[in-house]
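To start, the structure itself, in structure tokens.
The values are calculated or read from the model by the stated rules, or taken from the named source; none is laboratory data. Note that the structure is a prediction, hence the values are computed from the model and not measured. Because the Cβ atoms are built from the backbone with ideal geometry, glycine has one as well, and the counts that use them run over all protein chains shown.
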Amino acid sequence: MAVKLHVAYIVSHYPHKAFGHDGGLGTSVYNLVEKLNVLDIKVSVFIYGQKKEFILEEDNVTIYSLTNSQFPFFKFYFNRKKIEKIINQTIAKKGINIIEAPDWTGITALMKFKIPLVIRFHGSDAYFCNLENRKQKLKNYWSEKLALNQAKAFIAPTTFAGELSRKIFKLKNKEIKTIHYGIELQNFTNAFPKVYEKGLILYVGTLIRKKGVLELPEIFNRVHKEFPQAKLVLIGSDAYDIKTNSNSTWQLMQNQFKDDDLSYVEYLGKIPYNEVENYIKNANVCVFPTFAETLGMVTIESMAMQKAVVNSSIGWAQELIVDGESGFLVHPAEHDLFAKRITELLTDDSLCLKIGEQARTRVEDKFDINKIVTENIEFYQKIINQHQNR
């Protein structure tokens, strides 16, 4: 018999007004929580690493803001034990019957719960190191591996992310359920898809090497030669570059742009999310040349707003877009082809609109949160029933 669900989530970021907007992992969890709330399912969200401790009660959702442990030594251990203690107390008090955590850094390593733990492969450090061909610190790998060993089940936003994680962590006989991230389609609409700024190319995301932004100067140079009125707008936080030890990836990018091209490039930094949506609507083409991702929320949000997207072709992206139909897939290092696809869209308005329409249809079919939430609920119920009947 199905139990009355009370689901808990452990996250490091959460796009609630009390914390500010956050992309990626935080957004995907928030979208799911909001829909569970509407369905009258109780949810507890534990957000660790925060500056202040407080509890917010909102309808069926309780949010716990947790600070780090004050122990001066062995913070890895004591932070996790603090989170574990608070969650176990809440499990006993509130009747939580399943808990979900991310794979990143192995936050649930050393934690034990009396209820099933599900880990979702939002993207571990080991996963990103594998895609970026860089060495991972051994302690990070074992922290994530230990956390995965504690889990009863796994969810992956794409089959690619799940199977690569299985290979990296040698999860031979473990079930990994593919459940895509979902979005509330009514929040991502575009009433005037034919109205946009001709030639505007938009990138949204952190300026960091793994997102492929250091490929954009060469790509844009080729586009600009073919389409002189092209303009590139970049939105997102600047980041430290791990390869060069530069404090600013944006500075690295500026050094790579040709002088004439740079005058057609605008970097806006991190801006309010409602403004980001306006820029997406105003864009002619959206570009996401990333090397390392598990799904890519902003890609499907752009597609939902009927934007033609030129996206990375690596693994996970093939589950988002049908190449040539709902967008274009190109490897980020293939500068000529990436630029060619952008130029095709800039010069052919009818193609751009057609791709945008088909992108919306693709998102409606694959990433509607109203469908996705049901998949999550059914999987949670299955794991709870297995736990009770063992």
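Here are the numbers:
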quantity	calculated
Every residue from segment 251-277 that is surrounded by fewer than 13 Cβ atoms within 10 Å (Cβ to Cβ) and outside any helix (DSSP H, G or I)	SER263, GLU266, GLY269, PRO272
Pick from segment 85-113, criterion part of a loop (DSSP other than H, G, I, E, B) and in contact (Cβ under 8 Å) with a residue 40 or more places away in the chain, ranking: farthest from ALA161 (Cα to Cα)	GLY95
Matching residues in segment 331-366 - criterion: being touching a residue at least 60 places away in the same chain (Cβ under 8 Å) and in contact with a strand residue (DSSP E or B) (Cβ under 6 Å, 6 or more places away or on another chain)	PRO332, PHE338, ILE342, LEU345, CYS352, GLY356
All positions within segment 158-205 that are among the aromatic types (Phe, Trp, Tyr) and in contact with a helix residue (DSSP H, G or I) (Cβ under 7 Å, 6 or more places away or on another chain)	PHE160, PHE169, TYR181, PHE188, TYR196, TYR203
Filtered residue count, segment 164-212, keeping only those that are of a type in the set (A, V, I, L, M, F, W, C), crowded, with 17+ Cβ neighbours inside 10 Å and outside any helix (DSSP H, G or I)	11
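Listed here are the residues, each with its yes/no results for (1) within 20 Å of GLU84 (Cα to Cα); (2) at pLDDT 95 or above; (3) small (Gly, Ala, Ser).
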residue: LYS17; (1), (2), (3): no, no, no
residue: SER28; (1), (2), (3): no, no, yes
residue: ASN31; (1), (2), (3): no, no, no
residue: VAL38; (1), (2), (3): no, no, no
residue: PHE46; (1), (2), (3): yes, yes, no
residue: LYS51; (1), (2), (3): yes, no, no
residue: LEU56; (1), (2), (3): yes, yes, no
residue: ASP59; (1), (2), (3): no, no, no
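Matching residues to (1) surrounded by 18 or more Cβ atoms within 10 Å (Cβ to Cβ); (2) closer than 21 Å to LEU32 by Cβ; (3) polar (S, T, N, Q); (4) not assigned by TED's automatic domain parsing to the domain that holds ILE176:
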position	(1), (2), (3), (4)
PHE76	no, no, no, no
THR90	yes, yes, yes, no
LYS94	no, yes, no, no
ALA101	yes, yes, no, no
ILE115	yes, yes, no, no
PHE128	no, no, no, no
LEU131	yes, no, no, no
PHE154	yes, yes, no, no
GLY162	yes, yes, no, no
